[in-house]
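Below: the structure, in structure tokens.
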Amino acid sequence: MDPSSEQGLLSSDTVPEVGEDAAATVNMTENLSEEEQEELRKELAKVEEEIQTLSQVLAAKEKHLAEIKRKLGINSLQELRQNITKGWQDVTSTSAYKKTSETLSQAGQKASAAFSSVGSVITKKLEDVKNSSTFKSFEEKVENLKSRVGGPKPAGGDFGEVLNSAANASATETITEQIQEETQ
């Protein structure tokens, strides 16, 4: 593509970017009369002056604001806290936050119900195991072993009592052995 065809594709009222060649700038000013150029220069000076004035007014207002805050004892940390609090209130008042909160609450309730049902299923399974013939056979073998080591099973004893008494019996034997060793 040659440069003349590119000019046709671009609109003629574009402002040249920084770094574009001076020829493009000259072409734009050639389209304006001397009178129009002078009028635009005056308008440019006026706008620049207004910007300068507004900058000075803004600086004065910011200084006045800082003075008022100083007199009220408001510091940056307090402002930050207020901004965070206000921001959080704004977030919590949005419908998206409310919907998300409700969804999470429902999910938590469903998870609690699921964990509760899992707990009851595990309890039922443990009861099934305790009532199984294999477990009862194991319990009988432990009771037989206990009766050989510690004497007959007391009336009304169950598996937990058997384990406790076996543990107590072994602890008693250990203490007895220690006393015998000390006296010798």
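The values are calculated or read from the model by the stated rules, or taken from the named source; none is laboratory data. Treat the numbers as computed from the prediction; the structure is a model and nothing was measured. With ideal geometry, Cβ positions are generated from the backbone for all residues, glycine too; neighbour counts draw on all protein chains shown. Keep in mind that these areas ignore ligands, DNA and RNA; they rest on the heavy atoms of the full protein, side chains included. Shrake-Rupley method; radii C 1.70, N 1.55, O 1.52, S 1.80 Å.
Taking only the C-alpha atoms of the range 45-156, the Rg (one decimal) and the largest Cα-Cα distance, Dmax (whole number), read 37.3, 114 Å. The accessible area of Val121, taken with all protein chains in place and a 1.4 Å probe, comes to roughly 80 Å². Overall, the accessible surface of the range 59-144 at a probe of 1.4 angstrom is composed of carbon and sulfur to the extent of 60 percent.
If R₀ is 41 angstrom, what is the calculated FRET efficiency for the pair Ser101 and Glu48, using the beta carbon separation as r and rounding to 0.05? Calculated value: 0.20.
In order along the range 64-69, the phi-based Karplus estimate (6.51 cos²θ - 1.76 cosθ + 1.60, θ = phi - 60°) of 3J(HN,Hα) comes to 5, 4, 4, 5, 4, 4 Hz; Gly and Pro are listed as x.
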